[in-house]
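Each value in this text was obtained by applying a stated rule to the coordinates, not by laboratory testing. Fair warning: this is a prediction, and the values are worked out from it, not measured in the lab. Virtual Cβ from ideal backbone geometry, glycine too; neighbours counted across all protein chains shown.
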Amino acid sequence: MQGSSNRNGKQSEIRQRIIKTAQRLFVEQGYHRTSIPDIVREAGVSTGAIYHHFTNKKELAREIHQLALTEFLKRFKNHVESQPTFKEKLRAFVEMMFSWTETDPIMVQYLMYARPKEVVNTQMAICSEEGLDAVMCIIQAGIESGEIKEGNLYVHYGTLTGTVLRLIEIRMDGVIDFPLTEIIDETTANIWLALKK
């Protein structure tokens, strides 16, 4: 029985290595320019190991997308939705995204850029239609509570996420050379000034 447990643990470790490697390569090279042999070489696994876990590259990309989406929504629920006011939700969103950028830049870059549209059937930022809906819900709640001004939800969404994502982008490009966590409050204050009633 212990032999089976060790085998399952090894298979799980190999699967995770394949996923992490493919995600990084999709970010660095793009989905279309990343081949199965690239993943094999970088992950240090056999071609058979990849096909043991995934039918093809598209299935692997779907798995990566689903894991990224699940992680985003879990973080959003735990850090953002749990806050009582829109202003606190806004700060929590900025903190969540900036902290995540510093601790797992590959995941954040994947969510922003590397999702192949034929795999996820969307071109929306932050990760998916679900991500858009999650942010739109807090904006709608902020309007309904009277905390933020009425207006087009997409303009409010762009104001909120556009600022956050652009700062992440220039951090990843090396323009900002300090941790984004140092500007959470200033970023929150600027977005709040644009949206508050």
I'd like to know how the stretch 1-54 sits against the 2.2 N^0.38 Å rule of thumb: what's its Cα Rg over that expected value?
1.23
The chain: C-alpha pair distances exceeding 28 Å, %:
35 percent
Per-selection Kirkwood Rh - the stretch 142-187 (Cα, Å, 1 d.p.)
12.2 Å
Mean-square fluctuation check for the chain, GNM, Cα pairs under 10 Å: which of HIS32, HIS65, HIS79 is largest?
HIS32
Please state the charge dipole magnitude for the chain, taken about the Cα centre, from unit charges on C-beta atoms (+1 on K and R, -1 on D and E), reported in debye and rounded to the nearest 20.
620 debye
Give LYS20/LYS89; LYS87/LYS197; LYS87/LYS196; LYS77/LYS197; LYS20/LYS77; LYS89/LYS197 a once-over and call out the pairs whose C-alpha atoms are over 18 Å from each other.
LYS20/LYS89; LYS77/LYS197; LYS20/LYS77
Semi-axes of the stretch 15-95's equivalent ellipsoid from the Cα gyration tensor, sqrt of 5 times each eigenvalue, largest first, rounded to whole Å?
34, 12, 9
The chain: relative contact order from alpha carbon pairs under 8 Å, six or more residues apart, as a whole percent, is 21 percent
Taking only DSSP H segments of four or more residues, each worth -39500 (n - 2.57), what value at 222 nm results for the chain once the sum is divided by all its residues, to the nearest 500 deg cm²/dmol?
-22500 deg cm²/dmol
